[in-house]
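The values are calculated or read from the model by the stated rules, or taken from the named source; none is laboratory data. All values reported here derive from a predicted model rather than from experimental measurement. Ideal geometry is used to build each Cβ from the backbone, glycine not excepted, and the neighbour counts take in all protein chains shown.
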Amino acid sequence: MRALPLRYLPWMAWDVARGPGVGMAVVGVLAAFLITSMTVVTSGSGGEAAVFLSILDLAVTVFALLATAGIVSADFTLGYYRTLFARPVSPPLYYLQRWILGGAAVLIATCLVGFAAAARIGADLPIGRVLVQSTLFYLLLGGLVFLLSTVTRRDWLIAVLIVAAHAGLSLARSLGAAASGAAAVLYTVLPPFGLVDVSEPVPAGANLLYVVLYGVALVGAALSVIRLRPLARGARE
């Protein structure tokens, strides 16, 4: 069970394109249309840029969820694993390849919305920075959904709740609350989504290392579960 899954690459790419890719295209076109056509009335300068960046950030979040939702759990729920691994193909490498393809699709979709945002905002939004932040964000959120998908069919829903919890704790901390106690511990344990906001500079130094190690740990944990959990146990609950 150690063969590389390259034989599956063409149809896997096609499956991503006609599945999550369609949803990403719809969301991307809608987000790009909103950014390029909407008129924002603000009380100060730069307010419209914040609105456009919020749309871009939300689009990237949806892209990552679409790319990874049910990435493992759907195959086990529908029983596809019996066919997929009838030949000597490594299940961890198979799903790692699928996860990487999902990340590539996210970057392609992000380019569409990113260029639309850059056209409205100007040089203050380098597309390169957007793509780097999107990659790091996918490493975190995509890695989280990947791990959850190895144990539950509600992977994307739980991931959304975790993202919402992190956002709520971040807001509370900015207001001077949740800086100690259980809330502080929970904030520390959750993935550092606040460091990979596309509207912010790319993290550097220790923060960048923390994001990368956290994301790699999530993906590594997902691969370990796939490797160690018997395939015959079937659908995830």
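General observations
- Residue pairs whose Cβ atoms lie under 7 Å apart, separated by 6 or more positions or on different chains, with the first residue in region 66-91 and at positive phi and surrounded by 13 or more Cβ atoms within 10 Å (Cβ to Cβ) and the second modelled with pLDDT of 70 or more and assigned to a helix (DSSP H, G or I), are Gly70/Ser149; Gly70/Asp155.
Quick grid of which residues meet (1) out of contact with any Lys or Arg (no Cβ under 7 Å at 6 or more places or on another chain); (2) at pLDDT 85 or above:
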{"residue": "Val40", "(1), (2)": "yes, no"}
{"residue": "Ala50", "(1), (2)": "yes, no"}
{"residue": "Pro92", "(1), (2)": "no, yes"}
{"residue": "Ala109", "(1), (2)": "yes, yes"}
{"residue": "Val113", "(1), (2)": "yes, yes"}
{"residue": "Ala116", "(1), (2)": "yes, yes"}
{"residue": "Asp124", "(1), (2)": "yes, no"}
{"residue": "Ile127", "(1), (2)": "yes, no"}
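- Whichever residue in region 93-152 is of a type in the set (S, T, N, Q) and not in a helix (DSSP H, G or I) and, among such residues, is surrounded by the fewest Cβ atoms within 10 Å (Cβ to Cβ): Thr152
- Test for Ser180: is it out of contact with any Leu (no Cβ under 8 Å at 6 or more places or on another chain), surrounded by fewer than 13 Cβ atoms within 10 Å (Cβ to Cβ) and at pLDDT below 95: yes
- Residue satisfying condition, being closer than 24 Å to Val51 by Cβ, free of Cβ contacts under 8 Å to residues at least 60 places away in the same chain and not basic (Lys, Arg), within set Ile158, Ile162, Ile127: Ile127
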